[in-house]
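Worksheet for the structure shown next.
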Amino acid sequence: MSYIELTQVSKQYRRRGQATEALHLIDLNIEKGKFVSIIGPSGCGKSSLLRIIGGLVKQDCGEVLINGRSPLEAQKQKQFGFVPQSPALFPWRTVLQNMQLPFEVNRQAAEQPPQREELVKLLEMVGLGEFTDAYAKELSGGMQQRVGIARAFGSGAPILLMDEPFSALDEITREKMSYLLLNIWESYQKTVVFVTHNIREAVLLSDEVIIMSPRPGRIKARIGIELPRP
Ligand code: ADP
Ligand code: ADP
């Protein structure tokens, strides 16, 4: 059994009597610790796939298992860290306080937040060591997105779901951010599912690239021939 396993998953959205097919009988398995990119044109179903894995959207039919459990159970057990297109930071809290949010939200889960040093180390890895005690609102968009990524890696969640996290950034910043993400992922070795329409990013970052078809809701190809690490 794979860590993340989708079997014959379909999804349609219905609006004013109109149905849009977003996913069509998807079979997919993702192994633990892999960095997997999902790439394809706009509207092909990438976000839907990611949201179904994370239990934010329910499939119409088919099965989704996260380490043998339903996505909703996995969500309750804090298996997922989400990194959306634009970061959800509280502007009037400091960067460090924003890093601690995943632990505040789920206070009943008797989990201790990491020590300050651990979170600062993560912030240093994304080049924001000096901004630990700055208010989030003082940071540029790119810097806030870096906080979002650092926060996900510090959250304790073993699976990170990233939906075009760099889409709002200019190309040079994007490139820098990709290398930062690669660096941090290599240190933390979490399972990442990364949605993008940028082929460069997918190639740079991924163990495996899943290509979705312009005919929406279908997987066209998977690239991922595993070779020993040099
Ligand atoms: P992608 O992430 O590849 O752009 P999405 O999964 O967002 O693709 O969308 C797949 C299809 O489903 C698109 O045709 C989109 O318009 C449609 N869709 C997505 N979300 C909704 C929604 N909440 N309501 C209606 N249609 C939706
Ligand atoms: P990013 O590349 O993260 O989007 P910008 O291009 O807006 O950031 O800014 C370039 C650099 O300027 C940042 O990497 C950072 O070092 C510095 N900078 C941006 N905003 C601030 C700020 N509010 N206070 C201090 N330095 C800043």
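The values are calculated or read from the model by the stated rules, or taken from the named source; none is laboratory data. Quick caveat: nothing in here was measured; it's all calculated off a predicted structure. Don't worry about glycine lacking a Cβ; one is built from the backbone with ideal geometry, like all the others, and counts go over all protein chains shown. Ligands, DNA and RNA are excluded from the accessible area calculation, which covers all protein heavy atoms including side chains. Shrake-Rupley method; radii C 1.70, N 1.55, O 1.52, S 1.80 Å.
Identify the residue in the range 199-214 that is touching a residue at least 40 places away in the same chain (Cβ under 8 Å) and open to solvent by 40 Å² or more (accessible area, probe 1.4 Å) and, among all such residues, is nearest to T7 (Cα to Cα).
Checked the range 199-214; the qualifying residue nearest to T7 (Cα to Cα) is I211.
Among the residues of the range 31-52, write down those that are among the hydrophobic types (A, V, I, L, M, F, W, C) and open to solvent by 10 Å² or more (accessible area, probe 1.4 Å).
Matches in the range 31-52: I39 only.
Given the criterion among the aliphatic types (A, V, I, L, M), surrounded by fewer than 16 Cβ atoms within 10 Å (Cβ to Cβ) and modelled with pLDDT of 95 or more, identify the matching residue among A134, A110.
On the way: A110 fails: modelled with pLDDT of 95 or more.
Only one candidate passes the filter, namely A134.
If you check every pair at least six apart or on different chains, which have Cβ atoms under 9 Å apart with a residue in the range 163-184 that is over 14 Å from S206 (Cα atoms) and at pLDDT below 90 first and a residue that is hydroxyl-bearing (S, T, Y) and surrounded by 16 or more Cβ atoms within 10 Å (Cβ to Cβ) second?
Every condition considered, the pairs that remain are S167/T196.
Of everything in the range 151-180, what is among the aliphatic types (A, V, I, L, M), assigned to a loop (DSSP other than H, G, I, E, B) and open to solvent by less than 10 Å² (accessible area, probe 1.4 Å)? Give them in sequence order.
Listed by number, the list holds a single entry, A157.
Within the range 23-30, is there a residue that is within 8 Å of ligand 1 (Cβ to nearest atom), open to solvent by less than 60 Å² (accessible area, probe 1.4 Å) and not basic (K, R)?
Yes, that holds for at least one residue.
Checking T196 against (1) of a type in the set (S, T, N, Q); (2) open to solvent by 10 Å² or more (accessible area, probe 1.4 Å); (3) touching a Ser or Thr at 6+ places or on another chain (Cβ under 8 Å), which test does it fail?
Among (1) of a type in the set (S, T, N, Q); (2) open to solvent by 10 Å² or more (accessible area, probe 1.4 Å); (3) touching a Ser or Thr at 6+ places or on another chain (Cβ under 8 Å), the lone unmet condition for T196 is (2).
Quickly run through the range 209-230 and pick out the residues that are modelled with pLDDT of 95 or more and acidic (D, E).
Once the filter is applied, which keeps residues that are modelled with pLDDT of 95 or more and acidic (D, E), the range 209-230 yields nothing.
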